[in-house]
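A.B. asks: Quick one: this structure, given as structure tokens, is what I'll be asking you about.
The values are calculated or read from the model by the stated rules, or taken from the named source; none is laboratory data. Not measured: the values here are computed from a predicted model. All Cβ positions, even for glycine, are placed from backbone atoms using ideal geometry, and neighbour counts span all protein chains on display. Each accessible area value is taken on the protein alone, full model and side chains, heavy atoms only, with ligands, DNA and RNA left out. Shrake-Rupley method; radii C 1.70, N 1.55, O 1.52, S 1.80 Å.
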Amino acid sequence: MKNILCLSALVLLFLISTFAAIAQATGTTAAVSDKTLTVNKKEMAAKVKAEFLHAWNGYKKYAWGYDALKPLSKEPHNWYKKSLLMTPVVAFDTMILMGLTEEAGEAKELIFKDLDFDVDMEVQNFEVSIRILGGLLSAYELDGDPRFLTLAEDLGKRLMKAFNSPTGMPYLYVNLKTGATSGANSNPAEIGTYLVEYGTLSKHTKDPVYYKTAMKAMTALYAFRSPINLTAEGINIETGKVTSPISHISGYIDSYLEYILKGSILFNDKQLSEMWVPTIDAVNKYLADQTPDGLWYGHADMYTGKISETSYGALDAFFSGTLVMNKDLKRAVALQNSNYAMWMQNGVEPESMNCITKEVENGAYILRPENIEGAYYLYQYTHDERYLEMGANMFNNLVKYCRTDDAYAALKDVRTKEKKDYMESFFFAETLKYAFLLFDESGKLDFNKVIFNTEAHPYKRG
Ligand code: DMJ
């Protein structure tokens, strides 16, 4: 009997210490409170929807037909000489998912009345692709109106001229009417973030040219990786020459990494799966930075793998979602805890901070989605309510600090909370969509049956 008691005590001790070790490794105890969680999903979903309407109504009132609203001056704003209807195009699928039928109808009417790509203007290939082409394709999938696909195909044909380079990697800019290109010094994100949209366009038009074009650019870029499989943040698309040998998961590289994995899942593409394995191994081997208070990813020399900067910020936060998709739950949990700590340090996350000293490097917050997106991915995989609490706390602070009379505004600095006259269209497309989907119980969107493009536009798998 005594022996059995001793054995039970040992087993108990072992279980407690194992749990403590896992908690320490993943940082789970530090992330959110251990008290009974009380997030009311229904109430939170309704709150996010109401805030979407608040911002949308501001756009309607002051900037209808333009790309975006400047929320403090209440002036409309266009990216180029003619509006691409950025806000209505990217917000459309969010409205469908939120059940905002009337608003979606108004946006749709405006899009078919005014959206025209036959304009002599140079646009940024990457941004127009992920936002406008991306939005039109998910609008087509969710709404079924063939005019969305007609617009997407027209735009796809025009943007594809950007890939007319000696390597097949795209130029930064392309003229929508003439097809003239410019900008050879590019970066992986603006070279390798097309496959999810182009593949979906190929699927619906049954024309493989888009998929092939995006894939050619991706494989060309992959060929210019370093011998230790790290990607340069700067590359010349005509020659493949590295213009900046720093590697990281942040802006300029982020969505290229994301699209290798997403492309391999969405299109069941073996070549991409084979590219993904060495890529993620190198990222985890050289860029991951396990500090006493959590997991981060830093910046390193692409040839030596030596960490050169310990910067981490709002954009990097997307990577917890990528780790979830890679089924690496341990790192995903740890990184999302770091993401959340970064958000809560000043009430809202900064654009970048030093992950060792925790000093803010760039204090701006431009309504970015990645941190809430991370909580959404983690919740989908774990159903752990702590992610609801993370999402609710982040969203409530966003309302507290960024809401204006008629919309939402970026912050100049998260330390002072001073607002900036700027509201990105991805606030409608991504931030509010991921926040809503985190709490939504309608079942309208099955997470396991879609892949989101980098602007949160969902496409059906298969
Ligand atoms: C979005 O435009 C896209 O997600 C892009 O890949 C990088 N992040 C911004 C929003 O922060």
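A.B. asks: Across the range 396-436, what is the number of residues that are open to solvent by less than 50 Å² (accessible area, probe 1.4 Å) and within 16 Å of the ligand (Cβ to nearest atom)?
C.D. replies: The number of residues fulfilling the criteria is 20.
A.B. asks: Taking only the range 204-255 into account, find how many residues are touching a Leu at 6+ places or on another chain (Cβ under 7 Å), within 16 Å of the ligand (Cβ to nearest atom) and within 22 Å of N164 (Cα to Cα).
C.D. replies: 2
A.B. asks: Kindly provide the set of residues from the range 65-90 that are farther than 22 Å from Y401 by Cβ and open to solvent by less than 10 Å² (accessible area, probe 1.4 Å), ordered by number.
C.D. replies: Hits for the range 65-90 are D67, L84, L85, M86, P88, V89, V90.
A.B. asks: How many residues does the range 212-269 contain that are under 24 Å from the mean Cα position of the chain (by Cα), in a loop (DSSP other than H, G, I, E, B) and basic (K, R)?
C.D. replies: Selection size over the range 212-269: 1.
A.B. asks: Look at N371 and say whether it is within 14 Å of the ligand (Cβ to nearest atom), in contact (Cβ under 8 Å) with a residue 24 or more places away in the chain and of a type outside the set (K, R).
C.D. replies: yes
The rows are residues; the columns are (1) surrounded by 20 or more Cβ atoms within 10 Å (Cβ to Cβ); (2) modelled with pLDDT of 95 or more; (3) within 14 Å of M302 (Cα to Cα).
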| residue | (1), (2), (3) |
| --- | --- |
| M215 | yes, yes, no |
| M218 | yes, yes, no |
| T231 | yes, yes, yes |
| N236 | no, yes, no |
| G251 | no, yes, no |
| S255 | yes, yes, no |
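A.B. asks: Would you confirm, using the coordinates I've provided, whether T322 is closer than 22 Å to G391 by Cα, open to solvent by less than 30 Å² (accessible area, probe 1.4 Å) and of a type in the set (S, T, N, Q)?
C.D. replies: When the stated conditions are applied, T322 passes them.
A.B. asks: Looking at (1) at pLDDT 95 or above; (2) closer than 29 Å to E385 by Cα, which is the one condition that is false for M86?
C.D. replies: (2)
A.B. asks: Continuing with the same structure: Against the conditions (1) under 19 Å from Y379 (Cα atoms); (2) surrounded by 20 or more Cβ atoms within 10 Å (Cβ to Cβ), where does N346 fall short? Just the number, please.
C.D. replies: (1)
A.B. asks: Which of the residues that make up the range 49-98 are closer than 25 Å to N175 by Cα and among the acidic types (D, E)?
C.D. replies: Of everything in the range 49-98, just one residue is closer than 25 Å to N175 by Cα and among the acidic types (D, E), namely D67.
A.B. asks: So which pairs qualify, if the first residue must be in the range 441-457 and under 17 Å from G192 (Cα atoms), the second must be in a loop (DSSP other than H, G, I, E, B) and open to solvent by 20 Å² or more (accessible area, probe 1.4 Å), the Cβ gap must be under 7 Å, and the two must be at least 6 apart or on different chains?
C.D. replies: I451/R461
A.B. asks: If I ask for residues that are surrounded by 24 or more Cβ atoms within 10 Å (Cβ to Cβ), of a type in the set (A, V, I, L, M) and within 16 Å of the ligand (Cβ to nearest atom), which ones from the range 183-203 would you list?
C.D. replies: I191, L195, V196
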